[in-house]
1. Could you check the stretch 79-187 for strands (runs of 3 or more DSSP E) lying wholly inside it with 3 or more residues that are under 22 Å from PRO27 (Cβ atoms) and touching a Phe, Trp or Tyr at 6+ places or on another chain (Cβ under 9 Å)?
2. Can you list residue pairs whose Cβ atoms sit under 6 Å apart, with the first residue in the stretch 222-245 being closer than 16 Å to ARG319 by Cα and in the same structural domain as LYS276 (by TED's automatic domain parsing) and the second being buried (at least 24 other Cβ atoms within 10 Å of the Cβ) and of a type in the set (S, T, N, Q)? Count only pairs 6 or more apart in sequence or on different chains.
3. Looking at (1) in contact (Cβ under 8 Å) with a residue 40 or more places away in the chain; (2) out of contact with any Asp or Glu (no Cβ under 6 Å at 6 or more places or on another chain), which is the only condition ASP116 fails?
4. Looking at the stretch 463-516 only, could you name the residues that are surrounded by 21 or more Cβ atoms within 10 Å (Cβ to Cβ) and assigned to a loop (DSSP other than H, G, I, E, B)?
5. Of PRO467, PRO462, PRO455, which residue is in contact with a helix residue (DSSP H, G or I) (Cβ under 9 Å, 6 or more places away or on another chain) and farther than 26 Å from VAL366 by Cα?
6. Is it the case that some residue within the stretch 423-432 is in contact (Cβ under 8 Å) with a residue 40 or more places away in the chain and closer than 28 Å to CYS575 by Cβ?
7. Kindly establish whether SER64 is within 25 Å of ILE370 (Cα to Cα), among the polar types (S, T, N, Q) and surrounded by 19 or more Cβ atoms within 10 Å (Cβ to Cβ).
8. Can you tell me which condition SER111 does not meet? The list is (1) under 18 Å from ALA12 (Cα atoms); (2) among the polar types (S, T, N, Q); (3) modelled with pLDDT under 95, and all the others hold.
Amino acid sequence: MKKMLSANEAVACGAAQAGCVVASAYPGTPSTEILENVAKFKDTVRCEWAVNEKVAMETAVGASIAGARALTAMKHVGLNVAMDPLMTFTYVGATGGLVIAVADDPGMHSSQNEQDNRNIAKFARAPMFEPSDSQEAYDMVQAAFETSEKFQVPCFLRLTTRTSHSSSLVDLGNFKPAPHPLIPYKKDITKTIPVPAFARGQRLAAQKRSEAMQKAASKSKFNRIEKGKSALGIVTSGVAYQYVKEIFPEYSILKLGWTNPFPRDLVAKFAKSVKKLLVVEELDPFLEEQIRAMGIKVVEHKTEMNMLELNPDRVQNLRHEILKDVPAAKKAKAPAEALPTRPPVLCAGCGHRSVFHVLHKLGATVTGDIGCYTLGAFAPLNAMDTTICMGASIGCAAGMKKAGHKGRICAVLGDSTFFHSGITGILSAHYNGTPVTTVVLDNRITAMTGHQDNPGTGKTLPGDPAPVVEIADIAKACGLKRVVKVSADDLAELEKVLKESMDSEESALIIAYAPCRIAAKLTKEGLCEVDSAKCKACGMCFKMGCPAMTRGAEVRKGFFQMKIDPSLCAGCTQCSQVCKFGAIKRVR
């Protein structure tokens with residue numbers, strides 16, 4: 001059976017075919033679709049959205065200890081959150097196969113940083129497979145389960161944005177998903193409780209295991225030499241292999257699919273078969289540094305290859321530099337000057353917009369977080385000062401307070417982010433007597449990554465009913481007395497509550513509630529229109545930054561009446577609340 005699949009879909013199918021029993025993840029682009037597709041096999045795989053990546057990793061670890069094959073998936077920065085259980089479990093070792101599908105984001109298409117998690121695999125002494133297309137993603141995830149069980153170690157499958165979201169034909173073979181038989185659990189505290197006396201022995205075992213895996217990597221079918229002209233040999237991996245095949249088709253290639261532990265023997269053999277050796281890889285010089293450490297010379301070049309996402313043009317420029325037999329890639333044409341820019345913007349009717357409008361009006365310093373609401377930083381809202389990582393908004397606000405920062409301070413995060421890593425922040429601030437005002441933008445969905453469920457939605461990943469966790473109850477349980485729920489579409493009440501909370505010397509949690517209009521299918525709840533006779537062209541409404549607002553007639557130089565595009569308006573009425581002249585009305 002053959003199907004067109006993205007690598008994310010192929011990983012899900014491969015996991016099901018390999019007999020994965022438990023799958024746990026937290027959504028994050030570009031990895032999100034892995035678990036969404038695993039959920040299609042809910043009859044054979046018990047799958048879930050965990051509240052964060054650390055819990056997802058721990059769930060997979062527990063399943064592995066119990067003898068089941070388990071999968072956890074996350075984006076590159078999500079692995080940072082899961083590092084604590086990972087680094088210990090690489091000592092403890094897997095029983096049932098444990099595969100960690102991690103999707104790096106070269107070029108930062110949807111991330112706050114760029115990191116190469118091949119370094120984490122090396123740091124953790126864990127094997128890593130790197131598919132270059134969907135077929136390899138399908139094959140490698142199955143091999144990863146087998147490798148994990150053979151060497152008793154968690155195994156990485158590293159994707160990138162380009163492989164995760166590109167589709168190609170996959171031969172699924174005799175596709176029959178079924179749970180793999182459990183390996184019987186045997187209590188052994190010398191294995192599963194790494195107190196120092198036991199962990200020292202596990203450290204030695206991890207080293208011996210790495211040596212054995214290194215030999216296996218050199219013989220793996222996923223590491224292969226493709227013979228061509230020997231004047232130049234190219235070592236490459238992942239999606240970079242596809243670009244090398246396109247730009248250097250006639251030269252010898254060492255295609256690495258199992259990149260950690262580093263297959264030294266195979267690399268040494270390949271290096272002897274060619275006159276010059278070139279390394280083409282995306283992000284860090286992970287392969288190149290290890291080749292150089294072996295004493296093997298590598299072609300040096302000035303073409304930048306270790307920052308941002310690779311593409312054929314960049315690889316062509318590399319060939320142009322070192323071989324001078326092809327022209328430099330043509331530079332992309334600049335867009336026409338008349339073409340308007342389209343910066344990212346909050347959706348029409350989004351409840352986040354009103355919160356940022358009010359916070360900006362109140363002159364607050366806003367410590368933000370990861371989510372759709374990061375867009376509150378940009379004009380015309382201009383209402384966010386920091387974004388560091390999931391849940392950092394509260395800790396950053398507390399730190400600014402502790403440092404003596406003057407004026408109003410407010411932490412802002414979404415409901416899914418609150419469940420992910422915001423609870424510990426408010427608990428710590430309250431415990432340490434730091435009065436922080438926190439706004440949870442509660443739209444009852446994990447919106448930014450594609451509307452996944454969370455503990456506040458009342459549904460699990462497979463769509464089964466689940467208890468609804470109330471954010472207010474958690475805040476009160478943490479000891480906060482000032483806990484207020486307010487409609488994000490009620491600007492007057494929102495301003496009153498925010499002002500009172502930020503000006504008090506008391507910790508406060510404000511739940512600004514408005515459903516995500518796309519997820520809740522409220523994109524056409526009603527329409528607003530402008531009475532041109534009443535509109536004074538003051539421009540106040542434009543400060544909301546709603547995409548449904550457009551310029552109408554110019555009343556005086558630089559001042560335009562506002563028009564509302566009925567195809568975009570969601571009928572939220574936020575604009576009518578900022579108009580002092582009653583020029584905007586909602587119509588059914």
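The values are calculated or read from the model by the stated rules, or taken from the named source; none is laboratory data. Owing to the predicted nature of the structure, the values given are computational and were not obtained by experimental measurement. Every residue, glycine among them, receives a Cβ derived from its backbone with ideal geometry; neighbour counts consider all protein chains shown.
1. Because the criterion is at least 3 residues that are under 22 Å from PRO27 (Cβ atoms) and touching a Phe, Trp or Tyr at 6+ places or on another chain (Cβ under 9 Å), the strands (runs of 3 or more DSSP E) in the stretch 79-187 that meet it are 98-104, 155-160.
2. TYR241/SER132; GLN242/SER132; VAL244/THR236
3. (2)
4. Across the stretch 463-516, the qualifying residues are ALA488, SER507, ALA514, CYS516.
5. None of the others qualify; the one that does is PRO462.
6. Within the stretch 423-432 (the criterion being in contact (Cβ under 8 Å) with a residue 40 or more places away in the chain and closer than 28 Å to CYS575 by Cβ), the answer is no, since none of the residues qualifies.
7. no
8. Here SER111 meets the rest and fails (1).
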